[in-house]
Amino acid sequence: MPQTAAIEADPRATPGSISGGSEFTPLLRTVKSQDLLERRYGWYARRIALNALALAAVVTGIVLAGGSWWTLLLAPLLAVFSARTAFIGHDAGHSQITGNKTAARLIGLVHANLLLGMSYSWWNHKHNRHHANPNHIDKDPDVVADVLVFTGEQAADRKGFRRWLTRNQAWLFFPLTLLEGVALKVQGFRDLRRQSPGERSVEAVLLVSHVVGYATLLLTSMSPGRALAFAALHHALFGLHLGLSFAPNHKGMEMPDPSGEPWGHLRRQVLTSRNIRGGAVTDWFLGGLNYQIEHHLFPSMPRPHLRLARPLVRAHCRELGIPYAETGLVDSYRQALRHMHEVGEPLRTQPQRTE
């Protein structure tokens, strides 16, 4: 177990410390009594409007300064506000912004597909499975062996170039996130085959509109060379920003034993998640995902309420003797990278297998 600001206890202790019901029910009752699940329409309306104005300002700057290499200075700004756009799409997918499914989908489609070129349907399909079973090796798509692996069993099966990746994955993690901005677009187009015809038609039109609009903006504002440099820098920093936001959440935390006794909702979400300490700047930079435990326990809770739920969740976990993992931002990266380093350790000490 990584070092955290947590109540020390056996995470696999028998559930049911509160008699007469699940461990989660009293906490849910308390949260509801304080109206923390109520929507914050005004808060989100302001965030959406400010983000739209920021994006419009960056686009205006690109058009006005596109003939100069100084335009590249706008790429980091666009990356930052692209991440804000992704956070809004994320919240829409969890019904944090509105309980109206049609309105939530519209917000998600505009922010994900149209503004980012990232499939809202693909993200929801994948992300909801992650929320249902975080860090479960057989059920969570985020810990399936792919470019990275998260268990010794996954590492043992690696061969060739993937074996080299696993040996060095802790060092390669953040460099690999530089490719995430492009990878998200590719995954969106690939997922169209899974979607129903009606859903596919809407998503495809918006994805193509984004690509056409983005290319038109850059190619009509600057030379092809500058446009390519701008797009590469923008997408690399956007991917890095998302990587910095999502990396601390679960990597290095408990991974449920697929053959063991299932955990209840409270333990399944708390034991596999890590919070990040900080203030308003941390909340803004990480899009509220620094309250990962509260977000996983209450996925539809509006972002500004997560910090208010935190002391309630901490107190409830303390009463039950359940570890509540919370650490600083830098230390969270250290813990996540340490876990990936340890997973790859056997491959650095064992000779390459020959087939």
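Laboratory data are not the source of any read-out in this text; all were calculated from the coordinates shown. Predicted model, so just to flag it, every value in this text is computed and none were measured. Here the Cβ is made from the backbone with ideal geometry for all residues, glycine too, and neighbour counts use every protein chain on show.
Summary of computed values
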item	result
Gaussian network model of the chain, springs between alpha carbon atoms under 10 Å - residue of L297, L219, L240 with greatest fluctuation	L219
Spherically averaged projected area of the stretch 114-238 from its Cα convex hull (nm²)	9.5 nm²
Sorted largest first, extent of the stretch 84-166 alpha carbons per principal axis (Å)	46, 25, 17
Residue order, fewest to most beta carbons within 10 Å, for T327, T25	T25, T327
Cα radius of gyration and Dmax for the stretch 13-119 (Å)	20.0, 69
For the chain, the Rg and Dmax computed from alpha carbons only, in angstrom	21.4, 69
At most 16 other Cβ within 10 Å, DSSP loop - trypsin sites (Lys or Arg not before Pro), the stretch 179-268	R193, R194
The stretch 289-336: Cα Rg divided by the 2.2 N^0.38 Å rule of thumb	1.20
Highest-MSF residue in the chain out of Q34, Q335, Q169 [GNM, Cα springs under 10 Å]	Q34
Amide hydrogen neighbours beyond the local backbone of Y324, cut-off 5 Å, H modeled	I7
Simple spin-label estimate for V208 and V330 in nanometres, 7 Å along Cα-Cβ	5.0 nm
By average C-beta atoms within 10 angstrom, highest first, the peptides 302-310, 38-46	302-310, 38-46
